[in-house]
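S.K.: Have a look at this one.
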Amino acid sequence: MEIVELLQQAAPTLMRGVGYTLLFALSSMIGGLALGFVLAVARIVPWRPVQWPAVLYVSLMRGTPLLVQIFVVYYGLPSVGIEFSPLAAGVLTLSLNAGAYLSESLRGAILGVTRGQWNAAYSIGLTYFQTLRFIIVPQAVRIAVPAMSNTLLSLIKDTSLVSVITVTELMLATKEVIAVTFRPLPLYIAAACIYWALSLCFEALQHRLEKKLGKAHQS
């Protein structure tokens, strides 16, 4: 009963943290997708001056810890006159990081569309970018859904890192309750279960989306 009372007491604070966690994850996913599309296209266009900056960016963001990237954006950029609120810094950093990973998923999906699709589009007079926009990308998105869903699941867990810049997402909310109750074990377990539950919900949505896209493709 004591554990139940503890969790009831902690619930409002934890649910507020869940709200911020979802805000960070979904906002960063949208920003990451926008950036990922740009980077993916830049990686596949036949112009090296466009390819190499994208290659360098993806390598940099995938090759450095997300925590370091958060510190650079929130604590480092103010030294050159660029400041962000904790919320903006968290969303921006997660978007920049997710964009690098999503670009690889999208690039692989685009390259996975058969060459015959390109040739057929060219034969009816479509340009390179028209073919990409109307023929290739819609098919690539369907192919990339599992990988993009995995990125979203990773983002949900990665939001815990923004607690270091004083954003009260789920992890910092949990720490706040622990500071008052001095009961770390049940509260950390509760936080882990919440992260797990969120992941299961989004996995279920992913499976439904895959089935829906599969049926649409077959029809």
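Every number here is computed from the coordinates shown, using simple stated rules; none is lab data. What you see is a predicted model; the values in this text were computed from it and never measured. Cβ placement follows ideal geometry from the backbone for every residue including glycine, while neighbour counts extend to all protein chains displayed.
S.K.: Give the peptides 90-100, 54-64, 114-124 in descending order of average Cβ contacts within 10 Å, highest first.
M.R.: Ranked from most to least packed, the peptides come out as 90-100, 54-64, 114-124.
S.K.: Oh, and also: Work through the residues other than V58 whose Cβ is under 10 Å from its Cβ and net out their charges, Lys, Arg +1 and Asp, Glu -1.
M.R.: +2
S.K.: Another question, if that's okay. Kirkwood Rh, the range 121-195, all Cα pairs: how many Å?
M.R.: For the range 121-195, inverting the mean 1/r across all distinct Cα pairs yields 15.8 Å.
S.K.: For the chain, calculate the relative contact order in percent as a whole number, restricting contacts to Cα pairs under 8 Å that are 6 or more residues apart.
M.R.: Here the relative contact order equals 30 percent.
S.K.: Please compute the Kirkwood hydrodynamic radius of the chain from all pairs of different C-alpha atoms, in Å with one decimal.
M.R.: It is 19.4 Å.
S.K.: Another question about this same structure. Take each of the peptides 134-145, 152-163, 189-200, average the number of other beta-carbon atoms within 10 Å over its residues, and list them starting from the highest.
M.R.: 152-163, 134-145, 189-200
S.K.: If R0 is 30 Å, what FRET efficiency do you get for I30 and T114 from their C-beta distance, rounded to 0.05?
M.R.: Taking R0 as 30 Å, the efficiency between I30 and T114 is 0.55.
S.K.: Now for a different question. Going through the DSSP H helices of the chain, which span 30 Å or more along their own axis at the Cα atoms while scoring at least 0.0 as a mean Kyte-Doolittle hydropathy?
M.R.: Counting only whole DSSP H runs, the qualifying helices are 2-44, 86-112, 184-218.
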